[in-house]
Amino acid sequence: MAPSLLVFYYGLTIFLGSATVFSSPVSLPLVHRAPASGVSKLDIVQRGIGSTPNRPRRGARIRRGDVTLQVTVGTPPQHFLVTADTGSSDFWIGGPGSYGMSQTFDPTSSSSYEDKNEPVYIRYGLGSFTGTVGIDTVTVAGFTIPEAVVETGLSTSTAFGFSDMSGIMGFAWGQLSSSGLQTFTEQLVSQNMLAENKFSVYLGRALNNLTPDQAASNGTMPAGSLTFGGVDSSTYTGDIDYFPIVAELHWVVQADGISVNGQVVPDTNGIQAMMDTGTDLVVMPDNMFDAVSKAMGATVIQGAAYVDCSSMPTNVALRIQSKDYHFALEDLVRGVVDINSKTLSQEFGFKEGTQVCKLAWEGGQDDTEDGQTPMIIFGDYFLKAWTSVYDIDNKQVGLAAAAPASSLSTMSDVVNFYLKLQGADTSSNSSTKATGTSSAGSSSETSAAGRASDGLGGIQLLTLIMSLLGAALLSCHLV
């Protein structure tokens, strides 16, 4: 059929019947959505339990916020922010039974909704979803699918209740879909709506210019872009390196391992690497977590790795086909603990006056893509340094250096950035504090099996466990 109308909308578009075909890539902004107003500023910034004014704040994990995109569902359209997740395949929106979501989908208000009367259950790395399968009109970035699969929540776990995201749109392969029906991406491809059958993700660095009050606000802030049908050339520099995926499930590639100071950590040899925008940390099997933490000179306390900021290695990378894809300095760290009291010194095992970096990875990952090869999940703390490309036709993942790169070029910059974001006074933090001598305890490490007994006193251990538990509850690791 000859095109009936040509218009310029996000570039040249061609209307063929009811389908809109875009002849060039289409980018839409991603946003970080700050947590719901019911969560305190302290929890947002520190991801821990509240501390009193007389008690120093712990450098628990910084909340970077969910990376979300705007979608509309139904007739008339209902608007939602949903997490853009390359680590799953389902598209769901919270319904009336969903926990703590400020916006939920009401199927009875949509004249185009069709209930398939099929239940669906999805388990994520943290959190779960129970709902029902339906069909309705869904629009993303000008792409409209009249009969898209929409899973509506009957109940969701508390893990999804601490931010204003209303659901998840998965961009992994359709074989993972819980409904067994075509995913949104598969429908775009089958209806020939994309300029190229690929999409790409660029994650911005909005937090770098925020004050603590801004970080704790309930507004949105730029978080990069998602491009359908190709790659936005303004989001990267240099070449795009492509690697074949292991299977048509997740976006997983074969890797050499994780390198520290130019050497692959032996326990990570031959890993598979999953690119997952729905996870913020780097999540690995316990033995690899212990090995990488040891290579970093870190102490493992209750499942988190802490290292003297002044002595931690800064040359850390994912190695694929003998080439290193480095973490940005700031993305190695998810918080800073200023050891400024005897109590904190006893709890963390570092000398007073030490600034301790909490590293951006954790253990507990035991899934595999092929049933046998260990896998590490590389979330936003890695992907912020790389524009990632997901090539459907050629079944490959691409990586290119993100532009602009991080502006934090020294560990002193990183330490001051996190202390500022955590609300600490950084005026007295000189560069010497981030380049001094490490504490005697900073090179010790605890195995995965022995993390529950770190030699802390009863009160200190209980306080630390509560802080870390609060961090976990406020985290949303979508694996």
**Request:** Would you mind finding the one in 235, 220, 156 that is modelled with pLDDT under 95, within 21 Å of the chain's Cα centre (by Cα), hydroxyl-bearing (Ser, Thr, Tyr) and crowded, with 20+ Cβ neighbours inside 10 Å?
**Result:** 156
**Complete:** Restricted to segment 69-100 and to residues being of a type in the set (Ser, Thr, Tyr) and either farther than 22 Å from residue 201 by Cα or in the same structural domain as residue 283 (by TED's automatic domain parsing) (or both), the residue modelled with the highest pLDDT is 75
**Message:** Can you tell me which residue is modelled with the highest pLDDT among those in segment 101-153 that are under 26 Å from residue 367 (Cβ atoms) and small (Gly, Ala, Ser)?
**Reply:** 131
**Prompt:** Any residue in segment 338-352 that is in contact (Cβ under 8 Å) with a residue 24 or more places away in the chain, closer than 29 Å to residue 396 by Cα and among the charged types (D, E, K, R)?
**Reply:** no
**Asked** If we scan segment 289-308, do we find a residue that is charged (D, E, K, R), free of Cβ contacts under 8 Å to residues at least 60 places away in the same chain, assigned by TED's automatic domain parsing to the domain that holds residue 276 and assigned to a helix (DSSP H, G or I)?
**Response** no
**Item:** Only listed residue being surrounded by 15 or more Cβ atoms within 10 Å (Cβ to Cβ) and either aliphatic (A, V, I, L, M) or part of a loop (DSSP other than H, G, I, E, B) (or both), chosen from 129, 105
**Value:** 105
**Request:** Considering every residue within segment 327-339, establish whether at least one is out of contact with any strand residue (DSSP E or B) (no Cβ under 9 Å at 6 or more places or on another chain), in the same structural domain as residue 418 (by TED's automatic domain parsing) and assigned to a loop (DSSP other than H, G, I, E, B).
**Result:** no
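The values are calculated or read from the model by the stated rules, or taken from the named source; none is laboratory data. What you see is a predicted model; the values in this text were computed from it and never measured. Backbone-built Cβ (ideal geometry, glycine too); neighbour counts: all protein chains shown.
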